[in-house]
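These notes are about the structure you will find just below.
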Amino acid sequence: MSVPYIVGSNPNSPSNPHDAKSSGGSNIEAIDTDPETSVHTLYGAVVGGPNKDDKYWNIRSDWPETEVAIDYNAPFLSLAAYSVMSASNPPYYTSLAPGAYDAVKPSGTPCDAVFPCEGKGGKGGLSKGAIIAIAVIVSVAGLLIFALALWWFCVARKRRAGRRTENRY
């Protein structure tokens, strides 16, 4: 691993966290290029981290990887304190040479919620299994609604027929 996912802790740290205040830009349409790197550094903030293939793109608009969220930043202080108390060696990322991330930085864009996967014919979206599962669930729900509507219609019809026979006598 050549990227510490703690902003500002090393020259290889993420430089484009998904954070409006630190980016310094005001053009939402050009979130990745205006400015190219964040104007303000969020020292100590933890970003989302790499994808499932352990690759990390430093792209500001790719919020699954670069978002600074409280759910993984809140326990960081406790973990850092525990590490300082119990570790005899400094953290691994303090020994990373500047430019280590540039040597392994992936090209292109990731395959996640922001950037659709290109390996599926150029279109993102659900897998074939997910589409089949949704189709089955929607079909079963539709049949259940149809059956309940039919049952309600039959019960209402019997009640009306019962009222008519009572009115005859």
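For the reader, a short list of remarks on this structure follows.
- Scanning segment 17-32 for residues that are in contact with a Lys or Arg (Cβ under 6 Å, 6 or more places away or on another chain) and either free of Cβ contacts under 8 Å to residues at least 40 places away in the same chain or surrounded by fewer than 15 Cβ atoms within 10 Å (Cβ to Cβ) (or both) yields a total of 2.
- Of the residues making up segment 76-106, those that are among the hydroxyl-bearing types (Ser, Thr, Tyr), touching a residue at least 12 places away in the same chain (Cβ under 8 Å) and more than 13 Å from Ser9 (Cα to Cα) number 1.
- Unique residue being in a loop (DSSP other than H, G, I, E, B), at pLDDT 85 or above, open to solvent by 30 Å² or more (accessible area, probe 1.4 Å) and not aromatic (Phe, Trp, Tyr) when the list is Pro14, Pro106, Pro50: Pro50
- Of the residues making up segment 33-43, those that are in contact (Cβ under 8 Å) with a residue 12 or more places away in the chain and surrounded by 14 or more Cβ atoms within 10 Å (Cβ to Cβ) are Pro35, Ser38, Thr41, Leu42.
- Among all residues of segment 78-95, there is none that is touching a Ser or Thr at 6+ places or on another chain (Cβ under 7 Å), surrounded by 10 or more Cβ atoms within 10 Å (Cβ to Cβ) and within 30 Å of Ser127 (Cα to Cα).
- Residues located in segment 64-75, provided they are touching a residue at least 12 places away in the same chain (Cβ under 8 Å) and farther than 9 Å from Asp19 by Cα: Pro64, Glu65, Ala69, Tyr72, Asn73
- Residue check, Ser9 more than 20 Å from the chain's Cα centre (by Cα) and touching a residue at least 40 places away in the same chain (Cβ under 8 Å): yes
- Test: residue in segment 56-68 that is open to solvent by 50 Å² or more (accessible area, probe 1.4 Å) and within 23 Å of the chain's Cα centre (by Cα): yes
- Only one entry in Ala87, Ala74, Ala113, Ala81 is at pLDDT below 85, of a type in the set (A, V, I, L, M, F, W, C), farther than 19 Å from Ser2 by Cα and within 14 Å of the chain's Cα centre (by Cα), namely Ala113.
The values are calculated or read from the model by the stated rules, or taken from the named source; none is laboratory data. Note that the structure is predicted; figures quoted are calculated from it, not measured. Every residue, glycine among them, receives a Cβ derived from its backbone with ideal geometry; neighbour counts consider all protein chains shown. What goes into the accessible areas is simple: the full protein's heavy atoms, side chains included, and nothing from ligands, DNA or RNA. Shrake-Rupley method; radii C 1.70, N 1.55, O 1.52, S 1.80 Å.
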